[in-house]
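Engineer: Below: one structure in structure tokens.
The values are calculated or read from the model by the stated rules, or taken from the named source; none is laboratory data. None of these values were measured; they are calculated from a predicted model. Note: ideal-geometry Cβ built from the backbone for every residue, glycine included; neighbour counts use all protein chains shown. Remember, those area values only see protein heavy atoms, side chains included, never the ligands or the DNA or RNA. Shrake-Rupley method; radii C 1.70, N 1.55, O 1.52, S 1.80 Å.
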Amino acid sequence: MRSRVFSIWVLLGTSWACFFVLKEHGYEGEWMPLQQIMNFAFPPPVGHRVLFVLLADAIQAAFPSFSYVKCFLLSQLVAILAAFEAIRRWAALFVRAEFAFLAQLLLAVILIPTLRYYNFYDFGVVFFFSASLLCLFKERFFLYLGLFALGTVNHEIVLLLIPVYLALQFPEGVKRLVTWGRVALQLAVWGGVRLLMFWLLPSAVAPELRIETNTQQLLHPTAGLLTRYLAPAIWMGVAILGYRHAPPALRRTVILLPLLATTTFLYGQFHEVRQFDAFVPVMVALILCALPDLTGSSSISCALPLSFPSHAMTRE
């Protein structure tokens with residue numbers, strides 16, 4: 001009972017810290033008007049990231065006097081709580097359950113500096129990547145597939161979970177027909193959801209390539225750009241320390257980082273650190289692997305499920 005109460009209070013405390021910063025220091029950007037988005041009058045890709053928009057609309061339908069901002073914030077409170085609970089369960093694969101709350105503290109510290117303008121999907125991205133990775137590591141594929149479909153309604157970036165899935169199957173799994181059948185199933189689900197979104201919310205707007213802008217930013221980085229990446233770089237340094245102690249399966253999920261960098265270079269903006277939110281669960285797990293255990297060795301003993309292929313779970 002004491003452990004459960006402790007877990008609940010840490011969940012509430014860390015979630016409230018993020019929510020408070022979002023509420024007090026976040027702002028509604030004119031390039032992302034909440035009213036237009038909630039009325040489904042905003043073009044894609046943002047206009048198709050509707051999962052928590054639907055929740056905000058449901059809140060407004062239940063409480064018509066609530067403003068668009070209040071409905072947005074309440075929808076994000078749900079997303080924040082989900083993300084912090086998912087990161088704790090994900091972390092419990094790599095540390096003993098009583099230490100999994102450390103992941104929630106890390107998540108708060110990593111995310112808070114990235115909170116700027118309001119959007120409906122960032123906390124959802126953290127939740128879906130944490131929960132999806134947890135399902136993949138526990139070999140709960142069909143639960144993962146459901147999260148994958150729902151996550152596509154939140155943000156199309158969940159497509160990058162497919163190469164992560166393949167990386168987790170390497171080397172034995174990629175030789176199996178069932179592996180490629182499941183890859184095809186994931187592609188069909190993602191494509192089906194995206195087609196449904198274009199059917200329900202038709203638009204002729206094509207994704208905007210930002211290669212030239214991002215190239216200029218990388219070739220001529222400003223002080224503002226460098227300072228925004230200072231905190232993530234420090235945490236990445238800690239994560240690198242944990243990499244050599246991490247189980248091989250966790251190491252393979254690092255493939256997500258270059259994939260995110262590539263999509264950001266093509267379609268995103270490097271001055272927004274939040275473009276890499278999907279990698280935060282992997283970073284948190286690697287940081288936990290860098291911590292000393294109670295016996296004083298260089299890594300925490302791994303608590304990964306026995307059902308996953310043994311070659312993927314052995315620490316080195």
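Engineer: With n ≥ 4 as the cut-off for DSSP H runs, can you work out [θ] at 222 nm for the chain, using -39500 (n - 2.57) per run divided by the number of residues, rounded to the nearest 500? Show your work: numbers first, answer last.
Structural biologist: Numbers: 16 runs with 199 residues, N = 316.
That calculation yields -19500 deg cm²/dmol at 222 nm.
Engineer: Hey, if we sort Leu102, Leu145 by accessible area with the 1.4 Å probe, largest down, what's the order?
Structural biologist: On the way: Leu102 50, Leu145 25 Å².
Sorted descending by solvent-accessible area, the residues read Leu102, Leu145.
Engineer: Give the relative contact order (percent, whole number) for the range 119-164; include only Cα pairs under 8 Å separated by 6+ residues.
Structural biologist: On the way: 27 pairs, mean separation 19.6, N = 46.
Contact order relative to length: 43 percent.
Engineer: If you count, for each residue, the other Cβ atoms within 10 Å and average over each peptide, how do 252-264, 112-124 line up from highest to lowest? If you can, show how the numbers build up before the last one.
Structural biologist: Numbers: 252-264: 17.0, 112-124: 20.8.
Descending mean neighbour count gives 112-124, 252-264.
Engineer: Same structure, new question: Return the FRET efficiency for the residue pair Thr222, Arg116: r is the Cβ-Cβ distance, R0 is 25 Å, and the value is rounded to the nearest 0.05.
Structural biologist: Values: r = 16 Å, r/R0 = 0.66.
Efficiency at R0 = 25 Å is approximately 0.95.
Engineer: Just need the relative contact order of the chain here, percent rounded to a whole number, with Cα pairs under 8 Å and 6+ apart. Intermediate values should be presented prior to the final figure.
Structural biologist: Details: 399 pairs, mean separation 70.3, N = 316.
Relative contact order comes out at 22 percent.
Engineer: Can you pull the one-decimal nm distance between simple spin-label points at Ile240 and Trp16, each 7 Å off the Cα toward Cβ?
Structural biologist: Output for this residue pair reads 3.8 nm.
Engineer: On a 0 to 90 degree scale, rounded to 10, what angle separates helix 2-25 from the longest Cα axis of the chain?
Structural biologist: 40 degrees
Engineer: Based on the Cβ-Cβ distance from Ile211 to Lys138, what FRET efficiency comes out when R0 is 35 Å, to the nearest 0.05?
Structural biologist: Result of the calculation: an efficiency of 0.35.
Engineer: Right, next: I'd like the distance separating the alpha-carbon centroids of the range 112-164 and the range 8-82, in whole Å.
Structural biologist: Comparing the Cα centres of the range 112-164 and the range 8-82, I get a distance of 17 Å.
Engineer: List the relative contact order of the range 78-220 as a percent without decimals, with contacts defined as Cα pairs under 8 Å and 6+ residues apart. Before the final figure, lay out the partial values.
Structural biologist: Details: 94 pairs, mean separation 27.7, N = 143.
Over the range 78-220, the number comes to 19 percent.
Engineer: What is the angle, in °, between the Cα long axis of helix 101-111 and the longest principal axis of the Cα atoms in the chain? Nearest 10 is fine, range 0 to 90.
Structural biologist: The angle comes out at about 40 degrees.
Engineer: Report ³J(HN,Hα) in whole Hz for each residue of the range 223-229, in order, from the Karplus equation J = 6.51 cos²θ - 1.76 cosθ + 1.60 where θ = phi - 60°; Gly and Pro get x.
Structural biologist: In residue order, the calculated couplings are 4, x, 5, 5, 5, 5, 9 Hz.
Engineer: I'd like the accessible area for Arg194: 1.4 Å probe, protein heavy atoms, all chains in place, Å² to the nearest 10.
Structural biologist: Its accessible surface works out to 30 Å², give or take rounding.
Engineer: Positive end of the charge dipole of the chain (Lys, Arg +1 and Asp, Glu -1 on Cβ, about the Cα centre): tell me which of Ala278, Phe265, Pro221 has its Cα farthest that way.
Structural biologist: Ala278
Engineer: Along Cα→Cβ, 7 Å out, is where each label goes; now give me the distance between the ones at Glu28 and Trp199 in nm to one decimal.
Structural biologist: 3.3 nm
Engineer: Tell me the angle of helix 230-243 to the major Cα principal axis of the chain, expressed in degrees between 0 and 90 and rounded to the nearest ten.
Structural biologist: Helix 230-243 sits at roughly 30 degrees to that axis.
Engineer: What is the calculated FRET efficiency for Glu272 to Ile8, with r their C-beta to C-beta distance and R₀ = 30 Å, to the nearest 0.05?
Structural biologist: Numbers: r = 33 Å, r/R0 = 1.09.
Efficiency, rounded to the nearest 0.05: 0.40.
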